[in-house]
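Participant: I'd like to ask some things about the structure below.
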Amino acid sequence: MNCIIKKESEIEKMRISGKLAAQVLEMIEAYIQPNISTEELNDICHDFIKQNNAIPACLGYHGFPKSVCISVNDVVCHGIPNKNQILKIGDIVNIDVTVIKNNYYADTSKMFFVGKTNTLSKRLCKVAQESLYASLNIIKPGIPLYKIGEIIENYVENNGFSVVKEYCGHGIGASFHEEPHILHYKNNNKILLEKGMIFTIEPMVNAGKSEVKCMKDGWTVKTKDHSLSAQYEHTILVTNNGCDILTWQKHEKILPSFIN
Ligand code: MF3
Ligand code: CO
Ligand code: CO
């Protein structure tokens, strides 16, 4: 197991990258409106990242053609922004932003609502976000990695939804995807968390069944049963007695029940 423990100098750089990735999500919120295309949203994120002396990590990553992933409704992840994909009232939209600043990566995503959305959509997004928060709440040195997946899967299933198994969180630092893999479901990984580890947690939660399928474009992943899907992602640092959320957004609130 080669779980990388970051040095203080690296952690400082990751804090800067994390803050920028969070700022992209804060900035783009105002543009999430009916009639905007996902390509326009991509271009606004791209320009903002470049203006901040950073690189959009997704652009060209294994050939991915755009700067951020935008996944609408039944798209689980890796949606490709497109000028012909126009947002409409009621859509739920994930924007997944990864930046490289001073050679260090940060990776974060959240859900946005286009206008008024229905009860199921809101509940799905809330449960996905809360499953992430519930897992953050238990993170500290000495906790075995499998606890993260156990908490997320239990939380999601107790709320009547399902967790996608094909994609997981990951270590992150001077590269995009590092060890360890962070599974969002029950598993047997007994690695103990240590101070200085940095990784993402990014549960994908489906309203229906957990199965997914990848489209012919080689990227877009949808739910097999066409049910809605929601995802939230943070880059986190394990600290002495808990964790720091490196991609925390200014207006983000954690409900009191999820604070340790
Ligand atoms: N940001 C995604 C993650 O959370 C990875 C996207 S890879 C891309 O790990 F190529 F699709 F952009
Ligand atoms: Co990630
Ligand atoms: Co991501």
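The values are calculated or read from the model by the stated rules, or taken from the named source; none is laboratory data. Remember, predicted model here, so these are calculated numbers, not experimental data. Methodologically, a virtual Cβ is constructed for each residue, glycine included, from the backbone with ideal geometry; neighbour enumeration extends over all protein chains shown. With ligands, DNA and RNA removed, areas are computed over all heavy atoms of the protein, side chains included. Shrake-Rupley method; radii C 1.70, N 1.55, O 1.52, S 1.80 Å.
Conditions tested, residue by residue: (1) touching a Phe, Trp or Tyr at 6+ places or on another chain (Cβ under 8 Å); (2) under 30 Å from Lys213 (Cβ atoms); (3) aromatic (Phe, Trp, Tyr); (4) within 16 Å of ligand 3 (Cβ to nearest atom).
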| position | (1), (2), (3), (4) |
| --- | --- |
| Ser17 | yes, no, no, yes |
| Ala21 | no, yes, no, yes |
| Ala30 | no, no, no, no |
| Ile44 | yes, yes, no, no |
| Asp47 | no, no, no, no |
| Ala57 | yes, yes, no, yes |
| Tyr61 | yes, yes, yes, yes |
| Val68 | no, yes, no, yes |
| Lys88 | no, yes, no, no |
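Participant: Going by what's in this entry, would Tyr105 be described as out of contact with any Cys (no Cβ under 8 Å at 6 or more places or on another chain) and within 14 Å of ligand 3 (Cβ to nearest atom)?
Facilitator: Values: out of contact with any Cys (no Cβ under 8 Å at 6 or more places or on another chain): yes; within 14 Å of ligand 3 (Cβ to nearest atom): yes.
Yes.
Participant: Among the residues of the range 199-212, are any among the acidic types (Asp, Glu) and within 16 Å of ligand 2 (Cβ to nearest atom)?
Facilitator: Just the residues of the range 199-212 that are among the acidic types (Asp, Glu), to begin with: 202, 211.
Applying the additional criterion that residues be within 16 Å of ligand 2 (Cβ to nearest atom) yields 202.
Scanning the range 199-212, I find at least one residue that is among the acidic types (Asp, Glu) and within 16 Å of ligand 2 (Cβ to nearest atom), so the answer is yes.
Participant: Of (1) under 30 Å from Ile11 (Cα atoms); (2) open to solvent by less than 10 Å² (accessible area, probe 1.4 Å); (3) under 14 Å from the mean Cα position of the chain (by Cα), Ile139 satisfies all except one. Which?
Facilitator: (3)
Participant: From the list Glu153, Glu166, pick out the single residue that is within 16 Å of ligand 2 (Cβ to nearest atom) and acidic (Asp, Glu). So that I can check it myself, show each step before the final result.
Facilitator: Numbers: Glu153 fails: within 16 Å of ligand 2 (Cβ to nearest atom).
Just one listed residue meets the conditions, Glu166.
Participant: Still on this model: Looking for something within 28 Å of Ile55 (Cβ to Cβ), within 16 Å of ligand 1 (Cβ to nearest atom) and out of contact with any strand residue (DSSP E or B) (no Cβ under 6 Å at 6 or more places or on another chain) - is there at least one such residue anywhere in the range 147-155? Walk me through how you get there before you give the answer.
Facilitator: Step one: list which residues in the range 147-155 are within 28 Å of Ile55 (Cβ to Cβ), which gives none.
Looking for residues that are within 28 Å of Ile55 (Cβ to Cβ), within 16 Å of ligand 1 (Cβ to nearest atom) and out of contact with any strand residue (DSSP E or B) (no Cβ under 6 Å at 6 or more places or on another chain), one finds none in the range 147-155, hence no.
Participant: Out of all the residues in the range 215-233, which are within 22 Å of Pro81 (Cβ to Cβ), touching a Lys or Arg at 6+ places or on another chain (Cβ under 9 Å) and touching a residue at least 40 places away in the same chain (Cβ under 8 Å)?
Facilitator: Residues of the range 215-233 within 22 Å of Pro81 (Cβ to Cβ): 215-223, 226, 228-233.
Subset that is touching a Lys or Arg at 6+ places or on another chain (Cβ under 9 Å): 215, 221-223, 229-233.
Selection gives Val221, Lys222, Thr223, Ser229, Ala230, Gln231, Tyr232, Glu233.
Participant: Checking the conditions here, which among His177, His184 is farther than 23 Å from Gly63 by Cα and within 14 Å of ligand 3 (Cβ to nearest atom)? Working first, answer last.
Facilitator: On the way: His177 fails: farther than 23 Å from Gly63 by Cα.
Unique residue meeting the criteria: His184.
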